[in-house]
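Okay, so here's the structure we're looking at.
The values are calculated or read from the model by the stated rules, or taken from the named source; none is laboratory data. Computed from a prediction, not measured in an experiment: that's the story for all the values here. When we count neighbours, we look across all protein chains shown, and the Cβ atoms used for this are built from the backbone with ideal geometry, even at glycine.
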Amino acid sequence: MAEGFSFGREGKITLYIPKEDAVSLDITNGSGDMELETVHIADLSLDNDAGYVSMSGVRIEDAEIGSVSGDIKMTDGSCMGSYIHTGSAYVTFKGVEFCEAAISTESGEVGIKDVEDHESLSVETGSGDITVSYAAPPDDLAYEISSGSDDVTVDFPHDGPAVYTDGCRQGSIGKGQKSLSIVSDSGTVVVGV
């Protein structure tokens with residue numbers, strides 16, 4: 001498949017994949033930056049050390065992404081099932097459709113914007129802040145959100161039970177069949193619409 005590569009600039013590799021085909025990718029990266037655009041990926045396995053990873057308009061069925069210190073950013077795409085773990089990297093999703101996602105970072109921040117409907121979302125950080133904003137108020141959600149810093153803000157309209165204590169917010173909206181779980185050891189957590 002060497003004809004799919006372009007070596008136009010030293011240190012840069014460009015791989016062209018037909019949009020219609022769902023491919024499986026297994027990528028191991030040291031410290032170079034990566035950009036994935038407008039591609040359909042059945043299974044993505046990505047192991048990254050220090051370069052940033054930027055994905056735009058990408059459709060991913062299942063993803064397992066690990067990064068030591070390289071930031072991960074995904075915009076305007078879908079990642080139906082994803083597991084992301086980082087050391088000190090930032091994880092940013094904007095306008096990304098997903099069904100199930102689990103994101104954990106030891107000290108990086110996590111920002112997820114314009115969340116649509118999902119089955120389950122789990123976010124954990126050691127010392128990083130977490131921000132999750134929904135595109136519209138969820139109508140079916142059970143949530144449990146906590147931070148060791150006691151700095152937790154939740155802005156949801158409620159029609160079910162809710163319990164707010166120092167550093168912890170629990171509640172349900174509608175039947176509560178879908179789930180949101182957020183835990184930060186010491187970061188600020190902000191969740192809402």
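Return only the number of the condition from (1) out of contact with any strand residue (DSSP E or B) (no Cβ under 6 Å at 6 or more places or on another chain); (2) over 24 Å from residue 185 (Cβ atoms) that residue 99 does not satisfy.
Evaluating residue 99 over (1) out of contact with any strand residue (DSSP E or B) (no Cβ under 6 Å at 6 or more places or on another chain); (2) over 24 Å from residue 185 (Cβ atoms) leaves (1) as the failure.
Please find, within segment 82-91, the residue that is surrounded by the fewest Cβ atoms within 10 Å (Cβ to Cβ) out of those that are in contact with a Gly (Cβ under 9 Å, 6 or more places away or on another chain) and of a type in the set (S, T, N, Q).
88
Looking only at segment 96-132, how many residues end up being part of a loop (DSSP other than H, G, I, E, B) and over 21 Å from residue 22 (Cα atoms)?
12
Output the number of residues of segment 168-193 satisfying the condition of being of a type in the set (Val, Ile, Thr) and more than 20 Å from residue 125 (Cα to Cα).
Count: 2.
Just checking: which of the strands (runs of 3 or more DSSP E) contained wholly in segment 1-65 hold 3 or more residues that are surrounded by 11 or more Cβ atoms within 10 Å (Cβ to Cβ) and modelled with pLDDT under 95?
22-29, 34-37, 40-48
Go through segment 148-187 and count every residue that is at pLDDT below 95, of a type in the set (Val, Ile, Thr) and under 21 Å from residue 88 (Cα atoms).
0
Please work out which residue is surrounded by the fewest Cβ atoms within 10 Å (Cβ to Cβ), limiting yourself to segment 150-167 and to residues that are more than 22 Å from the chain's Cα centre (by Cα) and under 17 Å from residue 123 (Cα atoms).
150
Of the residues that sit in segment 69-81 and are over 15 Å from residue 116 (Cα atoms) and modelled with pLDDT under 95, which one is surrounded by the most Cβ atoms within 10 Å (Cβ to Cβ)?
Top of the filtered list is 70.
Could you check residue 35 against (1) more than 21 Å from residue 125 (Cα to Cα); (2) under 11 Å from the mean Cα position of the chain (by Cα) and say which number it fails?
(2)
Looking for something touching a residue at least 12 places away in the same chain (Cβ under 8 Å), assigned to a loop (DSSP other than H, G, I, E, B) and of a type in the set (Ser, Thr, Tyr) - is there at least one such residue anywhere in segment 75-87?
No, the conditions are met nowhere in segment 75-87.
Tally the residues that are of a type in the set (Gly, Ala, Ser), more than 14 Å from residue 147 (Cα to Cα) and part of a loop (DSSP other than H, G, I, E, B), restricting the search to segment 170-193.
Total satisfying the criteria: 2.
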